[in-house]
Structures are given as C-alpha cells and as structure tokens.
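Okay, structure first, notes after.
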Amino acid sequence: MSNTTTTWHSIREASMISGLPESTLRYYEQIGIIDPIARDPSSGHRVYSDKDIESLTTIACLAATGMPLESMREYLKNRFDGPEGARRQIELLDAQSLRLAAKAEALRIQQAYVSLKSLYWRAIAEGHEDEANRILEENKDVIENVKKARQGRDRTLNIQTTMAAIRTQHFRR
C-alpha cells in the first residue's frame, strides 16, 4: 500500500513556482486552459496540487514561446491521448516552430536595417556623404526587405482585427 500525500500550494506559491502571475493563473482557469482548481474548504482560496504545478510549468514554457492560447489548450488535452495525441503534439509544436522561425527572420531583417542605418549615419557624422550614399545604394535590398516585413505585419494585424470583429459579432447574436 503506497502512502502518497498531496502537497497543496497557495496561488502565490503556484505563481512563484510557475513564473506566471497570479492574475494569469486565475484567467487561465476562467478560460479553461487549466482545469478548475481545488478550493480550501475553510477559506475558499485556490489550492494547487503538485499535478497542477506540473501543468502550470508546461503552460508557462509554452506561453514563453508565444504559443497561442487555443494551441496551449489543445496541447494540454493531447497529453493523455497516446500515439494519436503525440502526433497532434508534433503538429502543434511544428506550427509553433514555424511561427518562431518567422519571428526570428523578421528580427534578422530588422537588425540588418538598423546596422545599415548605423553605418550610414556613421559615414555622415564623419563627413563621408559619398560613402553614406554608396551604403544606401548597395543595400537597397535591406530597405525593401524591412518594408515588406512591415507590410506583412500590417496584413497580419488587419486579418487578426477582422477575425476578432467577426467573433465579436457572432457572440453578440
């Protein structure tokens, strides 16, 4: 007969262990990212089990990668679905990997632009206007890439705004 005891943690302890703010813990419970948390019968305060803390640690790591909430929710559901769940986990993680690669590329483009402009202004500051113009001329592709990246972000924001408006209209009905 095994003698297992559950350790209970306050919301403050759960927050400190997971690295997620207390308000986020409440929000994630409210929207169903995490299962309903047990309550202390005498105080009514949330009490987190070690199993809850494990889930919160996973969630904190997924959130740190920028994974969307819906994907996190699905990820947590898939954990217990055997090989089929594992396949869905791979799909979710591959999709997140692609999102991160796109962000990394956008940062690379932004860094190239900042470096270009730094070289340009350094040449100007040193009185080498011809050199500054040569730098711009030879790096037109960097300027075009940063403009395209900006336009892509604007399109993404427009799509997200449109989708949010559609969801809002749908739920008002």
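Applied to segment 65-77, the Karplus parametrisation 6.51 cos²θ - 1.76 cosθ + 1.60 on θ = phi - 60° returns per-residue 3J(HN,Hα) values of 7, x, 4, x, 4, 4, 5, 4, 4, 5, 4, 5, 5 Hz, with x for Gly and Pro.
The modelled label-to-label distance between Ile53 and Ile31, using points 7 Å beyond Cα along the C-beta direction, is 2.6 nm. The string of couplings for segment 33-50 from the Karplus curve (6.51, -1.76, 1.60, θ = phi - 60°) is 5, 10, 5, x, 8, 4, 10, 5, x, 7, 10, x, 6, 5, 10, 9, 7, 4 Hz, one whole number per residue in order, with x for Gly and Pro.
Can you figure out the FRET efficiency of Asp94 with Ile124, using R₀ = 30 Å and their beta-carbon distance, to the nearest 0.05? Efficiency, rounded to the nearest 0.05: 0.10.
Residues whose amide H comes within less than 5 Å of that of His128, counting only those at least five positions distant or on another chain, are absent (H built at 1.01 Å from N in the peptide plane). Taking amide hydrogens as placed 1.01 Å from N in the peptide plane, the amide H of Ile34 sits under 5 Å from those of Glu29, each at least 5 positions away in sequence or on another chain. Here the spin labels are modelled as points 7 Å beyond Cα on the Cα-Cβ line, and at Thr5 and Glu144 they lie 7.0 nm apart.
Compared with the direct C-alpha span, the chain from Ser115 to Ala64 gains 15.6 nm at full extension, assuming 0.36 nm per residue.
To make sure I understand the rule: partners must be aspartates and glutamates, Cα under 16 Å from the Cα of Lys140, and not fewer than 8 residues away in the same chain. Which ones qualify? Cross-link targets: Asp130, Glu131. Taken one residue at a time, the phi angles of segment 12-20 give Karplus couplings (6.51, -1.76, 1.60, θ = phi - 60°) of 5, 5, 4, 5, 5, 5, 7, x, 9 Hz. Gly and Pro are set to x.
Could I get the Rg over Rh figure for segment 1-56? Both from C-alpha atoms, Rh via Kirkwood, rounded to two places. Rounded to two decimals, Rg over Rh is 0.99. Between Glu13 and Leu136, full extension at 0.36 nm per residue minus the direct alpha carbon distance yields a gain of 38.9 nm.
Every number in this text was worked out from the coordinates using simple rules, so none of it is lab data. Predicted model only: the values in this text are computed from it and were never measured. So basically every Cβ, Gly included, is an ideal-geometry build from the backbone, and we count neighbours across all protein chains shown.
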